[in-house]
Amino acid sequence: MSAPRTDRTPLTPLLRLLILTQLAFNIGFFAVLPFLADHLGTAIGMAGWLVGVVLGLRTFSQQGLFVVGGALADRYGVRPVVLTGCALRIAGFAWLAHAERTWSVIGSVLLIGCAAALFSPAVESEVARQAVLREEAGGGPRARVLALFTVAGQAGAFTGPLLGALLLTADFRTVCLAGAAVFTAVLAGHAVLLPRHLPGRAPVAVRGGLGPLLRNRRFLALCCGYGAQLLAYNQLYLALPAEVRRTTGSQAPVAWLFALSSLLVVGAQLPVTRWAGRRLTPRRSLAAGLLLTGAGFAAVAAARPAGLTGLPGLAPLAVLVVLLTAGQMLVAPVARAWLPDLAEPGRIGLYTGALSSVSGLLVLLGSTASGALLDLGLPPALPWAVLAAVPPAAVLVLPGERVPGPGTDSLGTGGTARRGTGVRRLPPR
């Protein structure tokens, strides 16, 4: 008989390590990324559409190749994939620090993206796998472990931009080298601490190709909804910095807006996840998040014709950040918690990677289009109105859901894991 379920069951040492890994990853990453678009446009002189292409390529090389990283993690385990990804990220940041030509910038951001395509799906899929094992052992719903993973990531996203803004007083090269130093520390720490053999998993042979995945309509529908949210969230790196510079003439407020987003997640993610788990089904949680995100862009579209500058001009952007963050808090943990129930047995890594790969393709296309919209001299509200329409449209393609079985909450994140979790069941206690 399994132990009583409680949200206060301590995390295993492995889960604690993986969650701290996400914190460290995001400190190094967000020390650099929020300032990349402005560096490309001002220091290197790229046109707006080309900046959009570069940022889209960075996201697509990362998200688009997640399916490869996830499959490799299924086959070879987490440790070698994470260590290799960290080494590539160090090389990518060092290259970006010295990149001055377009081809060199593109090469460095592609390497940075490919690095994350290795370590991120490995860590994310293992967190999901261990969260399901913990749930089966009576440790509490998996969605709350994934929410804690999100909180750690956002704590890193809060710390990273502040570190980057501090180092930017020197130059962008210093920022990049600091990011490389963070990942050097992560590489060294994980070479020592990350176990070679993880509990509850065994490597699986890569079999069956992508056919079953591509025929999984409910999974693909989840990819579309999640991809629309990721496209919207990516505007924090493209549309938001451009509007901040127009409003204030400086990039300094970008760090504070990112800090606002991160503080909201750190303070509210767990309560929001708990509230959604009790009151909303997965589809309704995703729909609510997408609608909030659309409302954030609509607020900027409504205010943009007034041409506000200074602090009044930052107010609509703060509204955007708050609503976009609220939407992300509803969408991200629920989508990750739902995914194991849609995956084939033993293939959580592959499906975790595929979720991000489809999303990355949408971001590549959408970032190029939004960068062009911002660069065409259109009526000021139009690009923001287009961005506001995308998340609500994605609600129409969200997957249907089945009635949860006994012992599950409304998110399907309690009780016994269903088919597709890809983990071995624990023996009865």
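The values are calculated or read from the model by the stated rules, or taken from the named source; none is laboratory data. Bear in mind that the values here come from a model prediction, so they are computed numbers and not experimental data. Virtual Cβ from ideal backbone geometry, glycine too; neighbours counted across all protein chains shown. Heads up: the accessible areas ignore ligands, DNA and RNA and are worked out on the full protein's heavy atoms, side chains in. Shrake-Rupley method; radii C 1.70, N 1.55, O 1.52, S 1.80 Å.
Across A318, A337, A255, mean-square fluctuation computed from a Gaussian network of the chain (C-alpha pairs under 10 Å connected) peaks at A318. The label-point distance for W256 and W275, in a model that sets each label 7 Å from Cα toward Cβ, rounds to 2.6 nm.
Any idea how far the Cα center of the stretch 158-176 sits from the one of the stretch 301-375, in Å? If we compute the Cα centre of each part, the gap is 24 Å. Have a look at P305, P121, P141 and tell me which one the Gaussian network model of the chain (Cα, springs below 10 Å) gives the largest fluctuation. It is P305. In the chain, taking the dipole from charged Cβ atoms about the Cα centre, the farthest positive-side position among P345, G211, T102 is held by P345.
What residue among G45, A137, A191 has its Cα farthest toward the positive end of the dipole of the chain, where the charges are +1 on Lys, Arg and -1 on Asp, Glu, each on the Cβ? Most positive-ward Cα: A137.
So if each residue of separation counts as 0.36 nm, and I subtract the Cα-Cα distance between L365 and T309, what length gain in nm does that give?
Result: 17.1 nm gained on full extension.
Taking 7 Å steps out from each Cα toward its Cβ at R217 and L291 produces label points 2.5 nm apart.
This model, with +1 at the C-beta of Lys and Arg and -1 at the C-beta of Asp and Glu, gives the chain a dipole about its Cα centre of some 1460 debye. The stretch between D171 and L263 holds 30.5 nm of extra length on full extension. This uses 0.36 nm per residue minus the Cα-Cα distance.
Normalised per residue, the accessible area of the chain is 39 Å², obtained with a 1.4 Å probe and no contribution from ligands, DNA or RNA. Membrane-span-like helices in the chain, defined here as complete DSSP H runs extending at least 30 Å along the helix axis by their C-alpha atoms with mean Kyte-Doolittle hydropathy no lower than -0.5, are 78-98, 102-136, 142-167, 172-193, 252-279, 282-303, 310-342, 348-375; this is a sequence and geometry rule, not a statement about a membrane. Once both labels are positioned 7 Å from their Cα atoms along Cα-to-Cβ, the gap between D375 and R16 label points is 4.9 nm.
One chain, two ends: S104 and L193. Fully extended at 0.36 nm per residue, the span grows by 28.6 nm beyond their Cα-Cα distance. For the set F119, F29, solvent exposure ranked by accessible area (probe 1.4 Å, protein chains only) runs largest to smallest as F29, F119.
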